[in-house]
Amino acid sequence: MSIALTYFIYMSCVKNISTSMLAFDIMQFFPLLNHQLLPWILNKESFDPKVSLFFQNYLVSRRTKYLWNYFSSPFFNVDIGVYQESAFSSILSTLYLAPILHIFEKRMKNLKIPIFILSFVDNGLFIFQNKSLVNSNANIFCSYNIILFLFGKIGLTMEYRKTEVFYFYRSQRTFTPSPLDFTSLEGHILYLKTT
């Protein structure tokens, strides 16, 4: 991810434009995954039905027991679904978020807002390159509003305290960007970090 970011920032300097980024984290991503939606996504993406069935069985109706020396507990239900340390967590989160990010990208394209999206498990980064910082702020506000709406549709929420906006620009002049007010979107005011 850091190589891609370095490339975007370097290319914006070469083109003499600024790079603006909205970094976010999804709140309680793994506990809030809709486990009925995931098999549907796998079927929709034309995965082999055996793969979908495997994950459907992996995610729900699981049982386990503990063994300690000569002690063996009785079986009990553990419908933990996807948890963060699972070997499948990054794969399943990517499959889960891919349709949402695809819809988001199409909406941004319809609005003629150029955007690059980087995502890793439950973190995301939207990258905008623009000559006008005013336009960048408008793009950031619009993208935040759209992704917040889409996440809400599948029961996910942004971790507001971990949402950050960054500007990278080549200009030698002093620049103090205006904060972005997301309080109308049930967020908070973001004070921008410049580099």
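FYI, it's all coordinate maths here, none of it is from the lab. Here the structure is a predicted model, which means the values were calculated and not measured. Cβ placement follows ideal geometry from the backbone for every residue including glycine, while neighbour counts extend to all protein chains displayed.
At 0.36 nm per residue, minus the direct Cα-Cα distance, what do residue 57 and residue 2 gain on full extension? Give it in nm, one decimal, please.
16.2 nm
Provide the FRET efficiency to the nearest 0.05 for the residue 157-residue 71 pair, computing r from the beta carbons and using R0 = 41 Å. Don't skip to the end; give the middle numbers.
Values: r = 41 Å, r/R0 = 1.00.
According to the calculation, E is roughly 0.50.
If you stretched the chain out fully between residue 103 and residue 43, how much longer would it get, using 0.36 nm times the residue separation minus the C-alpha to C-alpha distance?
19.8 nm
At residue 23 and residue 149, where each label point lies 7 Å from the Cα along Cα→Cβ, what is the point-to-point distance in nanometres?
2.8 nm
Jot down the per residue volume, in cubic angstrom and as a whole number, of the convex hull over the alpha-carbon atoms of segment 37-77.
Values: hull volume 3.0 nm³, N = 41.
Taking only Cα atoms, segment 37-77 has a hull volume of 73 Å³ per residue.
Longer than 23 Å from Cα to Cα, which of 44/112; 44/162; 44/153 are they? Say none if no pair is.
Violating the 23 Å limit, Cα to Cα: 44/112; 44/162.
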